[in-house]
Each structure stands twice: as structure tokens, then as C-alpha cells.
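Have a look at the structure below, then the notes.
The values are calculated or read from the model by the stated rules, or taken from the named source; none is laboratory data. Keep in mind that this is a model prediction, so the values were computed, not measured. A quick note on method: Cβ atoms are made from the backbone with ideal geometry, for glycine too, and the neighbour counts reach across all protein chains shown. To get the accessible areas, we keep the full protein, side chains included, count just its heavy atoms, and leave off ligands, DNA and RNA. Shrake-Rupley method; radii C 1.70, N 1.55, O 1.52, S 1.80 Å.
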Amino acid sequence: MLTRRHLVTSALAAPVILRLGTGTAKAATTLKISHQFPGGTIDKGDFRDRLCRMFAAEVAKRSGGDISAEIYPNSSLIKTNAQFSAMRKGALDISLYPMPYAGGELPETNIGLMPGLVATYDQGLRWKKEPVGKALTDFLADKGIILLSWIWQAGGVASRSRAIVAPEDAKGMKVRGGSREMDMVLQTAGASVLSVPSNEIYQAMQTGACDAGITSSTSLISFRLEEVSKALTSGAGASYWFMLEPLMMSKIVFDKLPKNQQDIILAVGSELEGFGRKGAQDDDIEVAKVYEKAGAKVAPLDIAVVNKWRDIARDTAWKDYGAKTATAANLLKLASNVSS
């Protein structure tokens, strides 16, 4: 199992570029890991960037330098929305990627942000071992993507003016929802919607193109949205917005690796899920402190309010998604069977 000492030791070690085989030098496999989030270090910063750095350090350690990795935060290698397609084509090796961002390409991936479908971290993380997890994993593998780490994040709302707590609060506001299905719910509640990745919410709110942004607690912090917000709706106690943001890998690249390297990558990815959960839950608590310090009013969500959003979602987004394809209908059915 991973330990902090192992990770720090690995991170500080010089990268191994060559390894010696039976009398010959063999180049290491260098994986490029891209994500849209702010960069930091293995010890500090956005936990999603840290998870990527931990992954890189540990696979290098366990492979004896046969696998190395380069981290590209802030979408500095490939633009945010292009990363999924790049992995499918083998042009990008790994990304920590919000799954519903791929909804325009594969509408089935919007199951990763279906309003009200996942209510707790326990429920979301059970997907991996339930039939819905196998169905989603098989579907993505068929489309060229390998899931390495299952990471769920609860979300909240940052607003330039009044807080959006109940559905009626959204009426007349321009809101970034994060997925087609979330947008449908917001529109039913009377809002207009804006479709941008989370790393573009700040600018949209700053210019007035967007009144409020719904995103994960971690992104609410990392993208400094408290600087352009007067209110925060916190998802720490309950939330209708849970996003699946897994560490994922190109199947084309994965399949070219020797079995022992594949096993290392899968093992490390799985072991980092605990770190991912803790990071997300810590930020669910931290986000309120950040916004209160900046002078924003913080409003919590409770189950009664979450159920109002879920009722709208069932009648709109869930029905629309389930009618998309047979695969989508099956995923929705299987996910609905996973109790909270």
C-alpha cells in the first residue's frame, strides 16, 4: 500500500530514463499526464494535481524506473475539452478528467454527473464493484478509455449575487451547471445556462456572462471563485451534484505496455482512490471557510432541498438521458439500483 514516506521518497528521486536489461539499454516508458487544474507539488495544492504526482512517483518507484511520467497541469499540454478525444486516439496517455465533459462525444458519459442520482460518497464509490461499474468500465474500454482511479466529488454553487439553494432561487439567473443533464434541470427551474469547463468559470463570472457556477468544492477553491462571489451554497452536508472525475488512460497506450507495467498502473490507480475521497471530503469542509473569510454568505443544502432538485431531475434529465441509447438506459437503471 502507498504511504506518505514512499510517495515523498519517490517524488524526490531523480527520474530514471534508461534501464539495463540483458546487456542492452532500454528506454523507459514516459507517460504524459494532462489535467485542467492548477499545478502544485506532491504535498501542496489541488488534491487532483497531487494525486497525479503521487501516481507518477509511485509507478516510477514500483517499476524501477521503467515507467516515468510528466505532469501537465492547467491544460498546458492539451486544451480541456480535447483531452478525452486525445486519449481515445492515443495522442494523450493519461488525464484526470471530469467524465461528463465527454458527453458531446459519448452521451453515455453524462451518467457521471446525473443530478440527484448519487447522494453520498459511499454510494458513488460502490459503483466500481456493482454491475453499473462493470457496465461503465466495459463501455469506456470499448471506446478506448481505461479507468484507473474512481474519484467522486460533491459540488456547490458560487454566486455573484444571491445564493442558489432551492430550485426557485435559480430563476432568471445565468448558471454554469457542468453537464447537459444539469443544464436541463436548471432550465426547468427557470435559469439560463452557460456551458464552459470549470477552469473558465472565473472569467465568465468576472465578466458577467455567468451569474453562478456549480462545480466541485475543490474547484470552487482552486479556481479562486470566492474572489468574484458574494454567496456560496455548500454541498458538504448534502448535494444533488456529484461529479465522477476519474484518472483515466488511453487504452491504445495501455495495451502496448507489457503486462507487468499494466499491473503496476492499475494497482497504483486503485490504491489512490482513498486519497481522492479524503481530498474531496476535506475540501467540502474547507470551501466554506475560504468563502466566509472572503466575506461571502454560506448557505448549506439539506436532504429536503436536495430532493426538490432530484424530483425535477427524474422528470427531465433522467428521462432524457435514458432515451439516448440502450447503453445509457442500462447504465441509468443499474445506477438507480445502487442505494445510498
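Mind listing whichever residues of the range 178-198 are assigned to a helix (DSSP H, G or I), within 19 Å of A82 (Cβ to Cβ) and either open to solvent by less than 10 Å² (accessible area, probe 1.4 Å) or of a type in the set (S, T, Y) (or both)?
S198
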So I214 ticks every box in (1) assigned to a strand (DSSP E or B); (2) under 29 Å from I33 (Cβ atoms); (3) in contact (Cβ under 8 Å) with a residue 60 or more places away in the chain but one. Which box is left unticked?
(3)
Provide a single number: the residues in the range 97-117 that are part of a helix (DSSP H, G or I), farther than 18 Å from H35 by Cα and of a type in the set (A, V, I, L, M).
2
May I ask you to list the residues in the range 118-140 that are in contact with a Leu (Cβ under 8 Å, 6 or more places away or on another chain), part of a helix (DSSP H, G or I) and open to solvent by 10 Å² or more (accessible area, probe 1.4 Å)?
P131, A135, T137, F139
Tell me, yes or no, whether the range 6-21 has at least one residue that is over 16 Å from the mean Cα position of the chain (by Cα), within 27 Å of I221 (Cβ to Cβ) and at pLDDT 95 or above.
no
Being farther than 30 Å from D320 by Cα, at pLDDT 95 or above, more than 18 Å from the chain's Cα centre (by Cα) and outside any loop (DSSP other than H, G, I, E, B), is that true of even one residue in the range 70-93?
yes
Quick test for you: out of V157, V175, V165, pick the one residue that is in contact with a Pro (Cβ under 9 Å, 6 or more places away or on another chain), hydrophobic (A, V, I, L, M, F, W, C) and either within 21 Å of V290 (Cβ to Cβ) or part of a loop (DSSP other than H, G, I, E, B) (or both).
V165
If we scan the range 274-295, do we find a residue that is at pLDDT below 95, open to solvent by 60 Å² or more (accessible area, probe 1.4 Å) and of a type in the set (A, V, I, L, M)?
no
Name every residue in the range 101-115 that is buried (at least 23 other Cβ atoms within 10 Å of the Cβ) and either among the aliphatic types (A, V, I, L, M) or closer than 22 Å to N307 by Cβ (or both), in order of residue number.
A102, N110, I111, G112, L113, M114, P115
